[in-house]
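One structure is given here, and the rest of the page talks about it.
The values are calculated or read from the model by the stated rules, or taken from the named source; none is laboratory data. A quick note: this is a predicted structure, and the numbers were derived from the prediction, not measured. When we count neighbours, we look across all protein chains shown, and the Cβ atoms used for this are built from the backbone with ideal geometry, even at glycine.
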Amino acid sequence: MMFSNEDIKRAIKSGQLVIKPFQDDFIRAAGITLHLGEHLLKPIPGTVVDIKKGQMPEYTEIVITDDKPYALQPGEFILGHTFQTVTVGQSLGFFIEGRSTLARLGLTIVQTAMMVYPGHRDRTVTLELANHGVNAILLYPKMKIARVAVFELRTPSTEQYDDTGKYRNQMFVGKPIFENEMLEEE
């Protein structure tokens, strides 16, 4: 069952869902608006990626400000993160998706990893930003970037993502962590 605005308010009040910082006007009819954080990671071209051997690209860190936004070019891909930190309780599921206003310009914020698992605790959500449009799109810190749909699990999860998940120790600022777990399935 997908949560309505009233369900979301109850989940936040109970502590099953924690979003920091939070304002009531982030809640929509059936979702939550999240904003873009100030750090972006741009892959440096030239690496042949070999998941099996753990060969991953290096990244350049970009810090955006209101005075210095980042112009995401057509065809370009970068990593970003939400401004808000999120905690998802063991009874909830959490899908993050782009906003239609930005999607109509060609911006996607997730390529395939739209699920945030139960047990994601007090961390930002990594965004996979790509410009599929024909025009550059300026990215500003704290701009509205995503919508979240929350749903209830039929039974609480006995696995908590931050106990065993592949990216549980990933801190976004700087180089993303690609552990030796790359050979494992998510």
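Summary table below
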{"quantity": "Failed condition for Thr47, given (1) assigned to a loop (DSSP other than H, G, I, E, B); (2) surrounded by fewer than 16 Cβ atoms within 10 Å (Cβ to Cβ); (3) touching a residue at least 12 places away in the same chain (Cβ under 8 Å); (4) not acidic (Asp, Glu)", "calculated": "(3)"}
{"quantity": "Residue list for the stretch 1-21, filter: surrounded by 15 or more Cβ atoms within 10 Å (Cβ to Cβ) and either modelled with pLDDT under 95 or outside any strand (DSSP E or B) (or both)", "calculated": "Phe3, Ser4, Asp7, Ile8, Ala11, Ile12, Gln16"}
{"quantity": "Counted residues, the stretch 61-77 - those being more than 13 Å from Glu38 (Cβ to Cβ) and either in contact (Cβ under 8 Å) with a residue 60 or more places away in the chain or touching a Pro at 6+ places or on another chain (Cβ under 8 Å) (or both)", "calculated": "5"}
{"quantity": "Filter result (at pLDDT below 90, within 21 Å of Ile19 (Cα to Cα) and under 18 Å from the mean Cα position of the chain (by Cα)) within the stretch 128-180", "calculated": "Gln160, Tyr161, Asp162, Gly165, Tyr167, Arg168, Asn169, Gln170, Met171, Phe172, Val173"}
{"quantity": "Only one of Phe77, Phe83 that is within 15 Å of the chain's Cα centre (by Cα) and over 30 Å from Pro156 (Cα atoms)", "calculated": "Phe77"}
{"quantity": "Test: residue in the stretch 81-91 that is in contact (Cβ under 8 Å) with a residue 24 or more places away in the chain and either loosely packed, with under 14 Cβ neighbours inside 10 Å or farther than 30 Å from Asp7 by Cβ (or both)", "calculated": "no"}
{"quantity": "Hey, Asp67 acidic (Asp, Glu) and under 21 Å from the mean Cα position of the chain (by Cα) or not", "calculated": "no"}
{"quantity": "Selection count where residues are part of a strand (DSSP E or B) and polar (S, T, N, Q), scope the stretch 95-129", "calculated": "2"}
